[in-house]
Amino acid sequence: MLQPAFILILILGYFALLMAIAYLTGKQADNQTFFTANRSSPWYLVAFGMVGASLSGVTFISVPGWVGDSGFTYFQVVLGYWTGYFIVAFVLLPIYYRQNLTSIYEYLQDRFGHNSHKIGAVSFFISRVLGASFRLFLVAIVLQQFIFDAWGVPFEITVGLSIILIWVYTQKAGIKTIVWTDTLQTLLMLTAVGLTLYHLGNALDLNPSKILTEAQYQNYTRTWVTEDFLARNHLLKSFIGGVFITICMTGLDQDMMQKNLTCRSLKAAQINMVVFSLVLIVVTFLFLLLGAMIFLYAEQNQIMIPLMEGSPKTDLLFPEVAINGGLGLGVGIIFILGLIAAAYSSADSALTSLTTSFCIDFLKLDQYPDSQQKRIRKQTHIGMSLVLVVVVILFKYVLDRNVIDGLLTVASYTYGPLLGLFAFGIFTPFQIHDRKVWIVILLSIILIVLVGNLSPKTLGGYQIGYELLPLNGLLTFLGLLLIRQKKTTT
């Protein structure tokens, strides 16, 4: 069993390494370095680092924890992701590079006007704050349970310290630092998964290929849901939902696109996206396999699912097995380093992208004198850190489901307006009455919330899944048609 003091030493040692990278990348850094890394990042570093940022602490813990209830059915969504990445690479990236954007929501300003631009930025802001907070919350509860509870440190302090550490190493060079730290963090996370699989296989005396092929393990490895279309996780619904989740949570998300826009050229960014998508499929499958082996190990060794607020929390089973499950000191160390790497690789880029979007889309940073821009950016960076602290703490009292499921459900509500706006701008020649766009967005969100909360009985047994996201985008698209102007774009 790892002692809390030893775990804390590991975290501080890892943080010191991140600070060293921040120091090296932060020399002569300015606002362009913070926002775009001076558009000089090698595509292969961006691609590898994006794996860690996309997976994050949510995938690291929540996907294995989800296997107990859902088997490998999440892989249906992942295949949809893969298709979505190609759409991002060959439809959206050319637009962003052609217009030389710093914030991708500037496209909406050029295409429609001020209000559309603000709606795009607000939608991203809400989506990214919630998404980053989901991820940070999951890691914070692990740190709380296995380190800080032993010392009587409140959860609120744990959250604050986590975000302070992230702020310290991102505050100077921003995205340039993150491109390099994400590479290190992805490497550590994948190493943790590989070595944990190896040790679990030895402990169970079980070859992973047997888990995938033998009938006795089907409860954990069932992948395809094709019998009942009414089921929430039916293959077609999951696949389509995955496509649109990727388009929105990657292609229409400043956080993920900011890394791509640091590449030297459009071609480099497209290669990055294609390679990244292939690697992501393999890595996610390894996480699902890891989840099956964790549950098998827990059953064999009578390890109970940890409780949180009196209820079983499957997200905590992986840390329980790794730290207290008798697999040895090495697995515990590997897990802690992998977890922190996964957490920081998503949270640091989220903090940077929120700062970038707020400076560019809301504060119009380029309108200020050069002497003030750096100060404004630093103040905004601090403000975004405080926002994340507050929201993560709130999640402790309101979150009642598996974290990755919650994250994808929230995305259905918050990314829909972005999907509708960008689709209308790209695929139609029409201009809109920009001042009326708020009405369309509000009505669309209200309708989709009502639909999302309909019971299966009301819908004849149909269970609504991630198809809420494209439906939200479609409602927004149709609403924009109603406020289109006769004058079209050229």
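How much of Lys259 can a 1.4 Å solvent probe reach, expressed as accessible area in Å² and rounded to 10?
So the heavy atoms of Lys259 present about 10 Å² to solvent.
Just check the chain against the gyration tensor rule for me: Cα atoms, a ≥ b ≥ c as the square roots of the eigenvalues, rounded for a/c under 1.5, and otherwise prolate or oblate depending on whether a/b exceeds b/c.
Note, shape of the chain comes out oblate.
Could you size up the charge dipole of the chain around its Cα centre, putting +1 on the beta carbon of Lys and Arg and -1 on that of Asp and Glu, and report it in debye to the nearest 20?
So the magnitude is around 1660 debye.
Per DSSP H run of at least 4 residues, take -39500 (n - 2.57); add these up for the chain, divide by its residues and hand me the 222 nm value, nearest 500 deg cm²/dmol.
Value at 222 nm, helices only: -23000 deg cm²/dmol.
Which value, in Å² rounded to 10, gives the accessible area of Trp82 with a 1.4 Å probe and all protein chains present?
Roughly 90 Å² of Trp82 is accessible to a 1.4 Å probe.
How much of the accessible area of the chain, probe 1.4 Å, is carbon plus sulfur, in whole percent?
The nonpolar share, carbon plus sulfur, comes to 64 percent.
Highest first, please rank the peptides 470-477, 165-172, 367-374 by the mean number of other Cβ atoms sitting within 10 Å of their residues.
470-477, 165-172, 367-374
Peptides 248-258, 31-41: what's the order by average Cβ count within 10 Å, highest mean first?
Ranking, from highest mean packing down: 248-258, 31-41.
Give the separation of the Cα centroids, the range 296-337 to the range 450-490, in Å.
Centre-to-centre distance over Cα atoms comes out at 41 Å.
Top to bottom by accessible area (1.4 Å), largest first, where do Val440, Val390 land?
Order by accessible area, largest first: Val390, Val440.
If a helix is a whole DSSP H run, which ones in the chain reach 30 Å or further along their own axis (Cα) and hold a mean Kyte-Doolittle hydropathy of at least -1.0?
Once both thresholds are applied, what remains is 4-25, 114-146, 175-204, 266-300, 329-357, 370-398.
Take the Cα pairs of the range 331-400, get the Kirkwood Rh, then feed it into Stokes-Einstein at 4 °C and 1.567 mPa s and tell me D in µm²/s.
In µm²/s, the coefficient rounds to 91.
What is the dipole size for the range 214-340, taken about its Cα centre, with +1 at each Lys and Arg Cβ and -1 at each Asp and Glu Cβ, in debye to the nearest 20?
520 debye
Ignoring ligands, DNA and RNA, what accessible area per residue does the chain give at 1.4 Å, in Å²?
On a per-residue basis, 40 Å².
Probe radius 1.4 Å, ligands and nucleic acids left out: which of Ser455, Ser54, Ser116 has the largest accessible area, and how do the rest follow?
Ser455, Ser54, Ser116
Work from the charge dipole of the chain (Cβ charges, +1 for Lys and Arg, -1 for Asp and Glu, about the Cα centre) and give the residue of Leu18, Ile439, Ser133 farthest towards its positive end.
Selected residue: Ile439.
Which of the listed residues, Cys359, Gly328, Ala342, is farthest toward the dipole's positive end in the range 290-373, when Lys, Arg count +1 and Asp, Glu count -1 at the beta-carbon?
Gly328
List every residue whose amide H lies under 5 Å from the amide H of Phe430, counting only residues 5 or more places away in sequence or on a different chain, with H placed 1.01 Å from N in the peptide plane.
Hits under the 5 Å cutoff: Thr489.
Largest first, what is the accessible-area ranking of Arg128, Arg435 with a 1.4 Å probe?
Arg435, Arg128
Tell me, in nm to one decimal, what length is gained between Gln28 and Asp110 on full extension, where the rule is 0.36 nm per residue of separation less the Cα-Cα distance?
My answer for the length gained is 26.3 nm.
Using label points projected 7 Å from each Cα along Cα→Cβ, tell me how many nm separate Ser209 and Gln300, to one decimal.
In this crude spin-label approximation the distance works out to 1.8 nm.
Tell me which residues come under 5 Å, amide H to amide H, from Val225 once H is placed; ignore anything under 5 positions away on its chain.
Here the answer is Leu235, since their amide H atoms fall under 5 Å of that of Val225.
Using a Förster distance of 45 Å, how high is the FRET efficiency between Ala5 and Ser40, based on the Cβ-Cβ distance and rounded to 0.05?
FRET efficiency, Ala5 to Ser40: 0.65.
The values are calculated or read from the model by the stated rules, or taken from the named source; none is laboratory data. Because the structure is predicted, anything quoted here is derived from the model rather than measured. Please note: Cβ atoms are built from the backbone with ideal geometry, for glycine as well, and neighbour counts cover all protein chains shown. We work out accessible area using only protein heavy atoms, side chains counted, and drop any ligands, DNA or RNA first. Shrake-Rupley method; radii C 1.70, N 1.55, O 1.52, S 1.80 Å.
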